[in-house]
Amino acid sequence: MAEINKSSPIVDKIVQKIKDLKELQAYPIRDLVNHAAEFGPYLKQQRLETNQVRKFLDAVNRLKADLTEKGKFSEIETQVVLLKPKLAYAAARQRAAKPLGEVMSAAIDK
């Protein structure tokens, strides 16, 4: 099994791509799809539990609904940033969640 403490090449590649973007919306869709196709199997290989992914996805879907209702990102920005501690907690409980936390934290920062 791969070492979980070290970032994998796909995690490094995605995080660097996000950092290099002027804004997150500028992530080329083909790159995003290709990275996701590589990242998903990596997370499975790390034995990331589906409940961890589901919890994060549920939180994102709630934020999406709030954004639709409120109409301005600034109204939900604090909630988006507060996803970072939730990701850190998930990574502390299940080390396999660390790569997901790294990628999503970079996206939240952007």
A careful count of residues in region 65-97 that are within 13 Å of I108 (Cα to Cα), of a type in the set (S, T, N, Q) and open to solvent by 80 Å² or more (accessible area, probe 1.4 Å) gives 1
For region 71-92, which positions are touching a residue at least 12 places away in the same chain (Cβ under 8 Å) and closer than 11 Å to Q52 by Cα? K86, L87, A90
With over 14 Å from the mean Cα position of the chain (by Cα) and open to solvent by 50 Å² or more (accessible area, probe 1.4 Å) as the only criterion, which of R62, R54 stands out? R62
When residues of region 32-51 are limited to those that are part of a helix (DSSP H, G or I) and open to solvent by 80 Å² or more (accessible area, probe 1.4 Å), the one nearest to V11 (Cα to Cα): E38
Scan (1) modelled with pLDDT of 95 or more; (2) surrounded by 12 or more Cβ atoms within 10 Å (Cβ to Cβ); (3) aliphatic (A, V, I, L, M) for the single condition I29 breaks and write down its number. (2)
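The values are calculated or read from the model by the stated rules, or taken from the named source; none is laboratory data. In this text, all values refer to a predicted model and were calculated from it rather than measured experimentally. Cβ sites come from the backbone with ideal geometry, for glycine too, and all protein chains shown count toward neighbours. Accessible surface is based on the protein model in full, side chains and every heavy atom, while ligands, DNA and RNA are left aside. Shrake-Rupley method; radii C 1.70, N 1.55, O 1.52, S 1.80 Å.
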